[in-house]
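What follows is a single structure, written as structure tokens, with notes after it.
The values are calculated or read from the model by the stated rules, or taken from the named source; none is laboratory data. Quick caveat: nothing in here was measured; it's all calculated off a predicted structure. Cβ sites come from the backbone with ideal geometry, for glycine too, and all protein chains shown count toward neighbours.
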Amino acid sequence: MKLFVIFPHYLAWHYTIALKDFFSIWGNIIWFLYNFFSIEVLFKTFFSPFKRLTERKKDLLDIGGFFETLLINTLMRIIGMVLRTIIIISGLVSLAVSFFIGLVSFFLWLALPFIIIFMMIVSLMGLFKI
């Protein structure tokens, strides 16, 4: 009998306070993933050399040294771009997965009281062979 007294309070909590907390937690997860992968910073520094490793010009008249410096700096930028691309893609995939899981969880949360009631009715019908 106490179940019928508690159930309206549970529904009120489930669709107000808990739903607000759900969106807060979901937003925190999205914020964490965005900042963990530093997606904005990686886009801003996309063409920067890997770990800021660069070669300085030694002598302006040395053509071999010029091409050596050009090659090393270009390679460091390409390595940096490849690594940043991998991290950005990983971050965007994890954001998309997190968003999708949150969306599915949201609709499941909305339907959960009805699923519980349905499962209770089905189990009682199975128990009493109705």
If you scan region 24-40, which residues turn out to be assigned to a helix (DSSP H, G or I) and either in contact (Cβ under 8 Å) with a residue 60 or more places away in the chain or of a type outside the set (A, V, I, L, M, F, W, C) (or both)?
24, 26, 27, 28, 29, 30, 33, 34, 35, 40
Quick test of your reading of the structure: residue 101 fulfils all but one of (1) surrounded by 14 or more Cβ atoms within 10 Å (Cβ to Cβ); (2) within 24 Å of the chain's Cα centre (by Cα). Name the failing condition by number.
(1)
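Per-residue answers, yes or no, for (1) loosely packed, with under 11 Cβ neighbours inside 10 Å; (2) within 28 Å of residue 97 (Cβ to Cβ):
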position: 7; (1), (2): no, no
position: 14; (1), (2): no, yes
position: 18; (1), (2): no, yes
position: 26; (1), (2): no, yes
position: 30; (1), (2): no, yes
position: 33; (1), (2): no, yes
position: 43; (1), (2): yes, yes
Just wondering, is there one or more residues in region 32-39 that are in contact with a Ser or Thr (Cβ under 6 Å, 6 or more places away or on another chain) and modelled with pLDDT of 90 or more?
yes
Single match in 118, 99 (criterion: more than 18 Å from residue 23 (Cβ to Cβ), of a type outside the set (Val, Ile, Thr), at pLDDT 90 or above and assigned to a helix (DSSP H, G or I))
118
Only one of 95, 108 is within 26 Å of the chain's Cα centre (by Cα), of a type in the set (A, V, I, L, M), surrounded by fewer than 13 Cβ atoms within 10 Å (Cβ to Cβ) and under 30 Å from residue 13 (Cα atoms); which?
108
Here are the criteria: (1) assigned to a loop (DSSP other than H, G, I, E, B); (2) surrounded by 12 or more Cβ atoms within 10 Å (Cβ to Cβ). Tell me which single one residue 83 does not satisfy.
(1)
